[in-house]
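A short write-up of the structure that comes next.
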Amino acid sequence: TEEEKKKQIRLANEAAILQQEILGELFRMKEHERSDRLEEAKQVSQDFLNKAMALPPGQERIDFLRSADPETSRKLAMHKLWKGILDAHGGQPPKMAPRCTH
């Protein structure tokens, strides 16, 4: 229906905005800070996936996947986005422009 299409477009726009916010945040960080945040996001992602896969397929697993709090969801998205960037660059992070100190 038309309402469903509008909802899908709105959700896609919200997802794109979130992606840009996360990437902007990562690119503004100092290297060590970015590395720490990405390592934390990777661990959260692995833990979340392990918990999900320990549940039987079906409604219980679906409910668990939907139950992620906003902070966990953001870390899952951060890990997925960064992994996609690394995959696109042969496993290497993108070159960051030097930060201005003035």
When (1) at pLDDT 90 or above; (2) open to solvent by 80 Å² or more (accessible area, probe 1.4 Å); (3) farther than 11 Å from M78 by Cα are applied to M29, the one that fails is (2)
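Of all residues in the range 39-50, how many are closer than 12 Å to A77 by Cβ and either of a type outside the set (A, V, I, L, M, F, W, C) or within 12 Å of the chain's Cα centre (by Cα) (or both)? Spell out how you get there, then give the answer.
Step one: filter the range 39-50 for residues closer than 12 Å to A77 by Cβ, giving 41, 44-45, 48.
Subsequent filtering for residues that are either of a type outside the set (A, V, I, L, M, F, W, C) or within 12 Å of the chain's Cα centre (by Cα) (or both) retains 41, 44-45.
Matching residues across the range 39-50 total 3.
Conditions tested, residue by residue: (1) in contact (Cβ under 8 Å) with a residue 40 or more places away in the chain; (2) surrounded by 15 or more Cβ atoms within 10 Å (Cβ to Cβ); (3) on the phi < 0 side of the Ramachandran plot.
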| site | (1), (2), (3) |
| --- | --- |
| E2 | no, no, yes |
| I9 | no, no, yes |
| I22 | yes, yes, yes |
| E40 | no, no, yes |
| S45 | no, yes, yes |
| L55 | no, no, yes |
| A68 | no, yes, yes |
| L81 | yes, yes, yes |
| D87 | no, no, yes |
| query | Does any residue of the range 55-70 turn out to be within 16 Å of Q20 (Cα to Cα) and of a type in the set (D, E, K, R)? | reply | no
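The values are calculated or read from the model by the stated rules, or taken from the named source; none is laboratory data. Predicted model, so just to flag it, every value in this text is computed and none were measured. Here Cβ is always computed from backbone atoms with ideal geometry, including for glycine, and neighbour counts include all displayed protein chains. When the accessible area is computed, the model is the full protein with side chains, heavy atoms only, and any ligands, DNA or RNA have been set aside. Shrake-Rupley method; radii C 1.70, N 1.55, O 1.52, S 1.80 Å.
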